[in-house]
1. Is it the case, given these coordinates, that A:Leu177 is touching a residue at least 12 places away in the same chain (Cβ under 8 Å), more than 13 Å from chain B (Cβ to nearest Cβ) and either of a type outside the set (S, T, N, Q) or within 23 Å of A:Gly75 (Cα to Cα) (or both)?
2. Take the conditions touching a Cys at 6+ places or on another chain (Cβ under 7 Å) and more than 14 Å from chain A (Cβ to nearest Cβ) and apply them to B:Ala188. Does it pass?
3. What are the residues in region A:130-150 that are farther than 17 Å from A:Met61 by Cα and among the aliphatic types (A, V, I, L, M), if any?
4. Of the residues that make up region B:26-35, is at least one at the interface with chain A (Cβ under 10 Å from one of its Cβ atoms), crowded, with 21+ Cβ neighbours inside 10 Å and at pLDDT 95 or above?
5. Can we say A:Ile151 is more than 10 Å from chain B (Cβ to nearest Cβ), under 23 Å from B:Gln49 (Cα atoms) and either within 16 Å of ligand 7 (Cβ to nearest atom) or among the charged types (D, E, K, R) (or both)?
6. The conditions are (1) surrounded by fewer than 21 Cβ atoms within 10 Å (Cβ to Cβ); (2) out of contact with any His (no Cβ under 7 Å at 6 or more places or on another chain), and B:Asn320 fails exactly one of them. Which is it?
7. Checking B:Ser246 against (1) under 13 Å from B:Asp174 (Cβ atoms); (2) touching a helix residue (DSSP H, G or I) at 6+ places or on another chain (Cβ under 9 Å): exactly one of these is not met. Which one?
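The values are calculated or read from the model by the stated rules, or taken from the named source; none is laboratory data. Just so it is clear, the model here is predicted, and its values are computed rather than measured. Here the Cβ is made from the backbone with ideal geometry for all residues, glycine too, and neighbour counts use every protein chain on show.
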There are 2 protein chains.
Amino acid sequence: MKPVRRKLDTRNGRVDLSHGSGGRAMAQLIADIFHDAFDNDWLRRNDDQATLDAQEGRLVMTTDGYVVSPLFFPGGDIGSLSVHGTINDIAMAGATPKYLSASFIIEEGFALGDLKRIAQSMGDASRAAGVPIVTGDTKVVERGKADGVFISTAGVGVLPDGLSLSSDGARPGDAVLVSGSMGDHGVAIMSRRENLEFGVEILSDSAALHGLTAAMIGAAGGALRVMRDPTRGGLAAALNEIAHQSNVGFTINEELIPVKPQVAAACEFLGLDPLYVANEGKLMAICAPQATETLLNAMRAHPLGREAALIGHVVEDERNFVEMTTRFGGGRIVDWLSGEQLPRIC
Amino acid sequence: MKPVRRKLDTRNGRVDLSHGSGGRAMAQLIADIFHDAFDNDWLRRNDDQATLDAQEGRLVMTTDGYVVSPLFFPGGDIGSLSVHGTINDIAMAGATPKYLSASFIIEEGFALGDLKRIAQSMGDASRAAGVPIVTGDTKVVERGKADGVFISTAGVGVLPDGLSLSSDGARPGDAVLVSGSMGDHGVAIMSRRENLEFGVEILSDSAALHGLTAAMIGAAGGALRVMRDPTRGGLAAALNEIAHQSNVGFTINEELIPVKPQVAAACEFLGLDPLYVANEGKLMAICAPQATETLLNAMRAHPLGREAALIGHVVEDERNFVEMTTRFGGGRIVDWLSGEQLPRIC
Ligand SMILES: Nc1ncnc2c1ncn2[C@@H]1O[C@H](COP(=O)(O)OP(=O)(O)OP(=O)(O)O)[C@@H](O)[C@H]1O
Ligand SMILES: Nc1ncnc2c1ncn2[C@@H]1O[C@H](COP(=O)(O)OP(=O)(O)OP(=O)(O)O)[C@@H](O)[C@H]1O
Ligand SMILES: [Mg+2]
Ligand SMILES: [Mg+2]
Ligand SMILES: [Mg+2]
Ligand SMILES: [Mg+2]
Ligand SMILES: [Mg+2]
Ligand SMILES: [Mg+2]
């Protein structure tokens, strides 16, 4: 005899503390919302952990927490974001993402319907990417002790032999490429938060980049030095981190950096610089100079890299500066973000 | 030139939103608090992910979120708990835990000193267990949108060939063992919350069990059917879940279940049943009958299994009941927890 179960009321129901306390209500929430949305053989076993096929090659592991506000935004939601972001951090190593885990921290009173929508969106993103969510966890905290729902995903991938990308790999003379326009995700969130409209709706670029990175590795292989998804802190933070870690400098050209006109306009209005704004479906790549054309072509041939562009070069610089030639021909140091903040962007 | 850094003020300083925004303040927080505490080669690379040596055998992956309140409690804190809990879920598969990830969600205003203490405790627990924290993430949310700090850890382990433990593996006739006294962790938390004293201080049993499980596998090998750490919902939830998943029943004997006198007294006072109270350093094991003595001896020879006990048997039962002979000789069905809750125990 299975435990008696009333159907979860995903129309009007709300999460309560019993959904996190290890009893029947929790088992039902997990089955009806999470396992239903993520459905796969690993979850169906209901063990405390998932047992996975061993993979050839080195492993790659990563984690990110997602606290984005609002939970639903133009172009995505916290669920799809939490799948894409973690896949991308694996892909940036040149690895093939294989498995995800998902840990939910839910505020008491959160609408079951919204939780279901988020779980479905995660499941959809995970299936579209071919990377299953094989294990999870659910905790519930009292009203006022969280903000709707927070999700932490972790991911495991496999790194093919011979490939070694790391943030200390940039060499003077290398080319710096981006896969498309900068700032879309952060501006989509801010516009929604501030209830702004800029003619064309600004959508988050949230996307899983492992297909693009596989194409890039196929084309450029060993000539690839570093890949990085410019998330929090944007392109500016990514470049500065790599400058320090590789002990080099960068010269980039503002005119070459793709920024959508509506994103530029919104940034102007919001007092933001698109170089500091988070992206969730873009990457920056550094490659040996001779591979630049090949790599750019491979990127542009992929749907998520159509607007790929060469934006500058790695230079010798003991100060590890990121120098930018501005649209007006002047020069400017692109430092790390220090003053203003964009909290809860991802 | 490295970015200029003032030292973090871990005496009086507090986390602010800039510590989560991808800029210099975040880099400093991660370096001075987390990498300092967890120090290892993977973190030192500062990549978006950790690259790990490939392991022989199948992989095991798990995750848990930790929202325990209070953050510091007798016998542990959220940091050590988040290491032990995730290690244990890997160990319950019979696997060797290898790597951990840690995702932090921190409330604005949280004391840097407390964060440092938690990180140090995680680092200590991880080193003591020999399982490094190889990658992490840090998010900060506004005051009032979280409760101090939440941690989600994920873990990866390696499963030796030939071993296959799963919650559907219990067979009628099998023996049911526990590694020690039930209820210590939950009661330690509740006593601290309610400011109760019971003569002897009640300490959480929080501990990493992979040494004990390795000893058990060494002794009993293929005769082991299921291992489970009875966390939220306690022994009662663990037995009921396995009963359903293996389609069996259990008969257990209350007199044989170890419960410390001070825990029994506290449960009495708090209106709790120790069978439903969370443990964080105990396991329940089910084994083929002929291996019972060998397994018990192996458990008792390990410091974390000294009070191991045989508490009952698996029986054929289509209703999947857990039946208990009480201390007074009566019979009782031990159902899942349904009514009262113990929120934020882990
Ligand atoms: N949000 C979720 N999405 C997918 N699977 C989940 C989710 N929450 C829990 N699960 C799955 O449900 C099962 C039970 O999870 P549970 O957290 O109760 O186990 P546990 O980690 O052993 O217990 P505890 O969290 O109390 O330590 C596991 O198989 C787990 O992977
Ligand atoms: N709490 C933490 N403990 C240990 N390491 C951490 C922690 N937070 C971040 N790190 C490490 O710091 C580095 C930078 O992390 P960060 O989160 O900025 O990278 P990212 O995931 O690529 O960016 P984002 O989170 O914006 O997507 C990584 O190497 C990460 O493992
Ligand atoms: Mg990331
Ligand atoms: Mg769990
Ligand atoms: Mg990244
Ligand atoms: Mg657990
Ligand atoms: Mg991160
Ligand atoms: Mg468990």
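1. So A:Leu177 fits the description; yes.
2. No: the conditions fail for B:Ala188.
3. A:Val140, A:Val141, A:Ala146, A:Val149
4. No, there is no match, as no residue in region B:26-35 is at the interface with chain A (Cβ under 10 Å from one of its Cβ atoms), crowded, with 21+ Cβ neighbours inside 10 Å and at pLDDT 95 or above.
5. In short, no.
6. (2)
7. Here B:Ser246 meets the rest and fails (2).
Rundown of residues vs (1) among the aliphatic types (A, V, I, L, M); (2) within 23 Å of A:Glu280 (Cβ to Cβ); (3) modelled with pLDDT of 95 or more; (4) in contact with a strand residue (DSSP E or B) (Cβ under 8 Å, 6 or more places away or on another chain), yes/no style:
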{"residue": "A:Asp41", "(1), (2), (3), (4)": "no, no, no, no"}
{"residue": "A:Thr51", "(1), (2), (3), (4)": "no, no, no, yes"}
{"residue": "A:Gln55", "(1), (2), (3), (4)": "no, no, no, yes"}
{"residue": "A:Leu59", "(1), (2), (3), (4)": "yes, no, no, yes"}
{"residue": "A:Pro74", "(1), (2), (3), (4)": "no, yes, yes, no"}
{"residue": "A:Ser82", "(1), (2), (3), (4)": "no, yes, yes, yes"}
{"residue": "A:Ala93", "(1), (2), (3), (4)": "yes, yes, yes, yes"}
{"residue": "A:Ser101", "(1), (2), (3), (4)": "no, yes, yes, yes"}
{"residue": "A:Ile118", "(1), (2), (3), (4)": "yes, yes, yes, yes"}
